[in-house]
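In what follows, a single structure is set out as C-alpha cells and then discussed.
All of the numbers you see were taken from the coordinates with simple rules; none came from a lab. Computed from a predicted model, the values in this text were never measured in an experiment. Here the Cβ positions follow ideal geometry from the backbone for every residue, glycine too, while neighbour counts run over all protein chains shown.
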Amino acid sequence: MDTKSEKILKTVDKNLAFVIKETHQFLKKINSLIQFKIICGLRTPQQQFELYKIKKSYKDGYKLKSKHQEGKAVDIMVIFNNKITWKIEYYYYIASIVEYIAFNHKINIKWGGWFKKKDGSRFIDGGHFEIID
C-alpha cells in the first residue's frame, strides 16, 4: 500500500482500516491486476460541503453528516493494469473481497454500491466503504 493510502487509513476507524489493509494484502498476494489506492478518509464539515455543492455527495456535512466526518468511511480508486479506472465492475470485485474479509472478522461494513436514496432509487458510490454501527 502506498504511503498516502497508509496515512489516510490512520484517520479512520481501526476495524475499517484493518479490513481495507487485509483486502489490499489479499490482492497483492494473488498478484491481481486489480489494485486500489485510498483517496479519502476523515473529512471536515467544509470538505463534505464542497463535495455536496458539486453533487459528489447528497450529504452537506452540516444537516446531513457523512460517515467520513466520524472517521468511519473511506473512498478508494481502483487501479487496473496500472491505470485508474472508474468502471463499476472493478469496484464490485473489490467490494466482494472487502465484504468477505469483514464478514469473517465479524466487522459490519457497507459498500456504497448498495446505497439507496430516500425515494428508493439507487445512489451508487462504488469507491465508498463505511463501518455500520
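Quick one: Cα centre-to-centre distance for the stretch 33-53 and the stretch 96-133, in angstrom? With the stretch 33-53 and the stretch 96-133 each reduced to a Cα centre, they are spaced 16 Å. Of the chymotrypsin sites (Phe, Trp or Tyr not before Pro) in the stretch 67-133, the ones in a loop by DSSP (not H, G, I, E or B) with at most 11 other beta carbons within 10 Å are Trp86. For the pairs Lys63/Lys83; Lys28/Lys106; Lys28/Lys55; Lys37/Lys67, flag any whose C-alpha to C-alpha distance is greater than 27 Å. Beyond 27 Å: Lys63/Lys83; Lys28/Lys55.
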